[in-house]
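Note sheet for the following structure.
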Amino acid sequence: MDINKVGLVGAGTMGNGIAHVFARSGYSVVLCDVEQRFIDRGLAIITKNLDREVAKNKITAEDKASALKKIEPVTDRGMLADCDFIVEAATEKFEIKTEIFRDLD
C-alpha cells in the first residue's frame, strides 16, 4: 500500500513534531485538533522549528515553504477519512481516546 496522505490527531508537542517530519519528508498531512487555537499553536511551533532548520542551513527557505504547504489544518475529524495512514497523538485521557478511535473506525 502506498502512503501519500497522513492524518495526525492532535497538534500538541508530539503531533506537531510528527506532522513536521512527515511534511518535510514529502507527505501531505492533515493536522486535526479539537480547536483552531491548538492547531494555530502547533503550526507556529512547526514554523519556528523549520525557521531554525533554515538558519542552520539544513533546509532552504523553499523547503520550509513546501513543508508548510503540505500541512492541511482541520478541526473536523471527518477530514481524515481519505488519509492512507493516521497517527493518534492526542491527550492521554481514556474517554477522549476511545471517542477518537470510535470516530476513526
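The values are calculated or read from the model by the stated rules, or taken from the named source; none is laboratory data. None of the values given here were measured: they were computed from a predicted structure. Cβ coordinates were reconstructed from backbone atoms using ideal geometry, including for glycine residues, and neighbour counts include every protein chain displayed.
The residues on offer are Ala61, Ala67, Ala55, and the sole one that is at pLDDT 95 or above, exposed (fewer than 10 other Cβ atoms within 10 Å of the Cβ) and not charged (D, E, K, R) is Ala55.
Please verify whether Arg41 is under 15 Å from the mean Cα position of the chain (by Cα), within 22 Å of Met1 (Cα to Cα) and of a type outside the set (A, V, I, L, M), treating the condition exactly as stated. For Arg41, the condition - under 15 Å from the mean Cα position of the chain (by Cα), within 22 Å of Met1 (Cα to Cα) and of a type outside the set (A, V, I, L, M) - is not met.
Residues in region 11-25 include at least one that is among the hydrophobic types (A, V, I, L, M, F, W, C), touching a helix residue (DSSP H, G or I) at 6+ places or on another chain (Cβ under 6 Å), at pLDDT 95 or above and part of a helix (DSSP H, G or I).
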